[in-house]
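Enquirer: Following this message is one structure expressed as structure tokens.
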Amino acid sequence: MKDLYSEGATGIAKLIIDRAEKLRESGGAVLVFPHRSVDGDCVGSAGAVTLIFRSLGANAWIAMPEPLPHNMAFMGIDDLIFYPPQDFLDGDMTVNGHPYELAFSVDCSEGHRMGDNCSIFEYYEDSLDIDHHEVTHIADPLKWIEPRASSACEMVFYAAEAVAGLLGKSIGQVIDPLCAGCLMAGIVTDTGRFTYTNTRPETLETAGILMELGGDITEVCYNLFDLKTPSEFAISNAACAAARFLCDGKLAITKVTNSMFEQYGAGRDEISEVVSRLRNVGGVEFACVLRETEDGAVRGNLRSKTDFDCSEFAERYGGGGHKRAAGFTAEGADIDALADEIIKEAGKFL
């Protein structure tokens, strides 16, 4: 573990060990919460934390806010997933027969980013957290927030290393092949297969160790980046073809409407690659993909190359993320009006 992460990793590892012991004694369960509009890092880190708790003899499940996307089915984590019913807090609050006693969030720190699971996460004020997004207003010894890390999964790996060290175990006793695959999925997602500027030497070292522990980088990269359904192929091409290039080619923006999803028979997660394709066009500094959601909102995905701060821009619309990659959900927005506003506001910086 690098010194950069050692203090935070050791602190959260001690908490994991302590809470796992309490859960063993009580028979209770921890729910691990990813954010909505799931990606490889939030799902991977949620799966890994769940498996780490299970390696310590505790009951643990991922509290999924939505169905697992088709391109993540290869991860083999179906048995780790729990979909909380809408009346969960009004019922017996059990998770597959075990009382819900601990909340743990990954890749996000705030309940409002968890969709319908928000109130379940916020039921416990003393929740644990591992997050690599910069959240300046949160300072809590129960939460490890490290914006310098490439991904939540990289942080979870260091936490697992610390757990192993504190318990006198080998890393393989804490990270099994399934866990290694989950962690690999998150790291390759948030580093863009190790091509983004958040890729540090220790990130590559971590990936190498995960390969030795059973993480199949070839399988992970193919499924998360290359595998396409016919409908995904069609709607992604249509979204790219409809893109507008403005501000002397520095801004690329496209809209994906409900009628387009219906026309191509595509799922909402089947345009995830479009924003990166637009950003990769020569001359583009800022790319934005807007898509209508089934509940009347507009989801925005943002990517940039150089000085444009996507996170700061997303905060204008109640979202957040990283400087080069961020997102937001605008409830009840009109997609055309929102696109015009974004073009106007982004143009001020381009």
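Bear in mind these aren't lab numbers, they're just calculated from the coordinates by the rules spelled out. No experiment lies behind these values; they were computed from the predicted model shown. Ideal geometry is used to build each Cβ from the backbone, glycine not excepted, and the neighbour counts take in all protein chains shown.
Enquirer: Is any residue of the stretch 13-39 close enough, with backbone N under 12 Å, to a label point placed 7 angstrom from the Cα of CYS118 along the Cα-Cβ axis, and if so, which?
Expert: Residues 36 qualify, since their backbone N sits under 12 Å from the label point.
Enquirer: In addition: Given a Förster distance of 25 angstrom, what is the FRET efficiency for THR218 paired with LYS305, based on the Cβ-Cβ distance and rounded to 0.05? Write out the running numbers ahead of the final one.
Expert: On the way: r = 28 Å, r/R0 = 1.10.
The value I calculate is 0.35.
Enquirer: Can you pull a Stokes-Einstein diffusion coefficient for the stretch 141-239 at 25 °C (0.890 mPa s), Rh from Kirkwood over Cα pairs, as a whole number of µm²/s?
Expert: On the way: Rh = 14.6 Å.
The diffusion coefficient I find is 168 µm²/s.
Enquirer: Mean shadow of the chain, computed from the convex hull of its alpha carbons, in nm²?
Expert: Working: hull surface 67.3 nm².
Computing the convex hull of the Cα atoms and averaging its projections yields 16.8 nm².
Enquirer: Calculate the length of the line joining the C-alpha centroid of the stretch 255-331 to that of the stretch 164-227, in whole Å.
Expert: Measuring centre to centre over Cα atoms gives 26 Å.
Enquirer: Pairs of Cα atoms under 8 Å, at least six residues apart: use those to get the relative contact order of the chain, whole percent.
Expert: Details: 659 pairs, mean separation 46.4, N = 350.
The value is 13 percent.
Enquirer: Then there's this: Kindly put THR254, THR229, THR218 in sequence by how many other C-beta atoms sit within 10 Å of each C-beta, fewest to most. Working shown, then result.
Expert: Details: THR254 23, THR229 14, THR218 8.
Going from least to most buried by this count: THR218, THR229, THR254.
Enquirer: Moving on. So how do ILE12, ILE171 line up by other beta-carbon neighbours within 10 Å, fewest first? Could the numbers behind the result be given before it?
Expert: Details: ILE12 25, ILE171 17.
Going from least to most buried by this count: ILE171, ILE12.
Enquirer: Let me ask something else. GLU345 versus ASP3, label points 7 Å from Cα toward the beta carbon: distance in nm?
Expert: Taking the simple label geometry, GLU345 and ASP3 are separated by 4.2 nm.
Enquirer: Let me know the whole percent of all Cα-Cα pairs from the stretch 197-350 that are separated by more than 28 Å. Working shown, then result.
Expert: Details: 3032 of 11781 pairs.
Beyond 28 Å sits 26 percent of the P(r) for the stretch 197-350.
Enquirer: Next up: Can you sort PHE261, PHE349 from fewest to most other Cβ atoms within 10 Å of each residue's own Cβ? Let's see the in-between values first.
Expert: Numbers: PHE261 20, PHE349 16.
Final ranking by Cβ density, sparse to dense: PHE349, PHE261.
Enquirer: Comparing SER105, SER26, SER151, which has the greatest mean-square fluctuation in the GNM of the chain with Cα pairs linked when under 10 Å apart?
Expert: SER26
Enquirer: Tell me what the chain gives for mean residue ellipticity at 222 nm when only DSSP H runs of n ≥ 4 count, each as -39,500 (n - 2.57), the sum divided by the residue total, rounded to 500 deg cm²/dmol. Please report the intermediate quantities before stating the final value.
Expert: Values: 13 runs with 140 residues, N = 350.
Taken over the chain, the calculation gives -12000 deg cm²/dmol.
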